[in-house]
Amino acid sequence: MRKFVLAAAAAFFASQAVAQAPAPPKLLVVISVDQFSADLWDEYRPQFTGGFARLASGAVFHNGYQSHAATETCPGHSTILTGDRPATTGIVVNTWLDQSLGRSDKYVYCAEDETALGSSSIDYKVSDKHLRVPTLGDRMKAAWPAARNVAVAGKDRAAVMMSGHHPDQRWYWDGKKFATDLTGIAAPAYLTATNAAVQKMMAQPQPGLEPPPFCAAKSQPITLPGGKVIGNGTLARAAGDAAGFRASPELDASVLALSAGLIAEMKLGRGSAPDVISVGLSATDYVGHTYGPGGQEMCLQLLDLDRELADFFAVLDRSGLDYALVLTADHGGLDIPERLRAHGVADAAWVDPVLRASDMGKALGARLELPGPVLIGDVSGDLWIDHSLKASDQARVLKEALAEYRAHPQVADAFSREQITNTPMPSGDPVGWSVIQRLRASFDPERSGDILVVLKPHIMPIVDISRYVATHGSPWDYDRRVPIAFWRKGMSPTEHQESAETADIMPTLAAMIGLPLAAPAIDGKCLGGISGVACPTR
Ligand SMILES: [Zn+2]
């Protein structure tokens, strides 16, 4: 069925005139693989023979960085095509707390319009309003009105943050179908075909994938606290299982099929100006959260995605388009403590539940004789002090909470918002940034917490493992380091050991297509030493 969807896109292309465009490329295809750490890239690179292998034959930075501390999907995607770090994009966390909000749900989702009637942080009205800067697509359209800016993704926040404020088409998987937040646009014909094909695919059970020897060697069942067994799965799915569909190669295959269909139907790359399509491949993240990134399941996912990408690129090749590819990720990930310990990472552990903001707030409230939740948030990252407390009590809570968190053996450090805002914005090589500099790069005074808690490396910040067993979000390099690769037909391969930031992708692509970067100024820089990219002299 997946092959069928892509075959339909290929047939669509065959009916169109084929034109060979001269340099610069006419179409930029920007691929983000959610939770694809540089550790996974390095480990699997010798196994790739398909689409990832093609990207590996271009200009490869395996020391790419989402340089900030808040290594989550929304902040990460906000850096990829804006040229800015989250402190500048304003997308500093997936969901933040706004205690002044006039609704019972005080959380705000990063890609939400919380002023829309009926919107909540869980069931939200999708919007780009929180993104404070333009994207590459926005800038291309400002410079060249004929340019098109398109996004397709498994997650709305990936599609929104990569396409920004002026998309021509923007489609994301909403759990049942590909949907859009845009109004007044004509839905492409290919969308209807894709949604129908995906519905049909989901209604059928999916047998497990046959593990090749490299994956079978990773098949070690691990029984987690509570009895869940992971590590030896084959990504089989029951009929109609929407969560299973998401955490399998089927979601990415559907996103790639819709992307290919939109490229054909909109004739992207065949206009008078270059076009950009952002492709958000989210299944790797769901597989990582559901099974951890270190088992047979992730192996099957990545090798299947390698094949799916090969098919997608083959469709583009046959169309005769002159396109350039970029691959990166929004963040990396941490494997489950049991498997890490089995591989010699002795300090890997589940987080101590007493670190939950709710537990800590209750304890502090009792000790300081204060009512209410006192502290609001998760087990690490941004925590907020209850703003209904009077200022002097908030100050007492801040002092006590910082001391409590810092004293806990699983906590690396805890900082007040004042400490972070007093830290100058970091620049230069992100490898050597201190923890507080990493925090500064994803801090926004309006949206970030009052206290920022950083757990020690390899502490998994999940208390309830009934839904997810592994995650990301720390300032450590397993979450920060991601691959960055550029590919274009005929380019000379280059291997880069020096670090690069995902914020460097946008100015590099701008140089590739000859787009002058108008104001506002950006955090990133054009990456030198890439075949076919002439960075502007500064
Ligand atoms: Zn994730």
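The values are calculated or read from the model by the stated rules, or taken from the named source; none is laboratory data. Note that the structure is a prediction, hence the values are computed from the model and not measured. All Cβ positions, glycine included, derive from the backbone under ideal geometry; neighbour counts span all protein chains shown. Note: accessible area is taken over every heavy atom of the protein model, side chains too, but ligands, DNA and RNA are not part of it. Shrake-Rupley method; radii C 1.70, N 1.55, O 1.52, S 1.80 Å.
Overview of results
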{"quantity": "Wholly within the stretch 97-204, strands (runs of 3 or more DSSP E) carrying at least 3 residues that are open to solvent by 10 Å² or more (accessible area, probe 1.4 Å)", "calculated": "169-173"}
{"quantity": "Single unsatisfied condition, residue 531 versus (1) polar (S, T, N, Q); (2) exposed (fewer than 13 other Cβ atoms within 10 Å of the Cβ); (3) in contact (Cβ under 8 Å) with a residue 60 or more places away in the chain", "calculated": "(2)"}
{"quantity": "Any hit, the stretch 46-54, residues being in a loop (DSSP other than H, G, I, E, B), modelled with pLDDT of 95 or more, among the polar types (S, T, N, Q) and open to solvent by 20 Å² or more (accessible area, probe 1.4 Å)", "calculated": "yes"}
{"quantity": "Residue ID - nearest to the ligand (Cβ to nearest atom), chosen from residues in the stretch 55-75 that are assigned to a helix (DSSP H, G or I) and either open to solvent by 10 Å² or more (accessible area, probe 1.4 Å) or in contact with a Ser or Thr (Cβ under 7 Å, 6 or more places away or on another chain) (or both)", "calculated": "75"}
{"quantity": "Some residue of the stretch 286-309 being within 16 Å of the ligand (Cβ to nearest atom), of a type in the set (S, T, N, Q), over 30 Å from residue 170 (Cα atoms) and crowded, with 18+ Cβ neighbours inside 10 Å", "calculated": "no"}
{"quantity": "Qualifying positions in the stretch 332-363 - in a helix (DSSP H, G or I) and either within 16 Å of the ligand (Cβ to nearest atom) or among the acidic types (Asp, Glu) (or both)", "calculated": "338, 359"}
{"quantity": "Output for the stretch 495-521, where each listed residue is open to solvent by less than 40 Å² (accessible area, probe 1.4 Å) and outside any helix (DSSP H, G or I)", "calculated": "496, 499, 500, 501, 515"}
{"quantity": "Count of the stretch 205-253 residues which are surrounded by fewer than 19 Cβ atoms within 10 Å (Cβ to Cβ), of a type in the set (D, E, K, R) and under 20 Å from residue 304 (Cβ atoms)", "calculated": "3"}
{"quantity": "Boolean, residue 476 is touching a strand residue (DSSP E or B) at 6+ places or on another chain (Cβ under 7 Å) and surrounded by 21 or more Cβ atoms within 10 Å (Cβ to Cβ)", "calculated": "no"}
{"quantity": "Filtered residues of the stretch 27-44 (kept if away from the ligand (no atom under 16 Å from the Cβ) and out of contact with any His (no Cβ under 8 Å at 6 or more places or on another chain))", "calculated": "27, 28, 29, 30, 31, 43, 44"}
{"quantity": "Residues of the stretch 350-375 satisfying the condition of being touching a helix residue (DSSP H, G or I) at 6+ places or on another chain (Cβ under 6 Å) and under 24 Å from residue 436 (Cβ atoms)", "calculated": "364, 375"}
{"quantity": "The lone exception for residue 322 - which of (1) in contact with a Leu (Cβ under 8 Å, 6 or more places away or on another chain); (2) away from the ligand (no atom under 16 Å from the Cβ); (3) open to solvent by less than 10 Å² (accessible area, probe 1.4 Å) it fails", "calculated": "(3)"}
{"quantity": "So residue 31, is it touching a residue at least 24 places away in the same chain (Cβ under 8 Å), aliphatic (A, V, I, L, M) and touching a Cys at 6+ places or on another chain (Cβ under 9 Å)", "calculated": "no"}
{"quantity": "Odd one out for residue 448 among (1) over 23 Å from residue 333 (Cβ atoms); (2) polar (S, T, N, Q); (3) surrounded by 20 or more Cβ atoms within 10 Å (Cβ to Cβ)", "calculated": "(1)"}
{"quantity": "Residue within the stretch 399-420 that is under 30 Å from residue 487 (Cα atoms) and either at pLDDT 95 or above or open to solvent by less than 50 Å² (accessible area, probe 1.4 Å) (or both) present", "calculated": "no"}
{"quantity": "Counted residues, the stretch 484-516 - those being over 20 Å from residue 27 (Cβ atoms) and not polar (S, T, N, Q)", "calculated": "8"}
{"quantity": "Scope the stretch 29-77; condition under 18 Å from residue 164 (Cβ atoms), of a type in the set (Ser, Thr, Tyr) and touching a Gly at 6+ places or on another chain (Cβ under 8 Å); matching residues", "calculated": "32"}
{"quantity": "Residue, surrounded by the most Cβ atoms within 10 Å (Cβ to Cβ), within the stretch 77-96, restricted to residues that are among the hydrophobic types (A, V, I, L, M, F, W, C) and not in a loop (DSSP other than H, G, I, E, B)", "calculated": "80"}
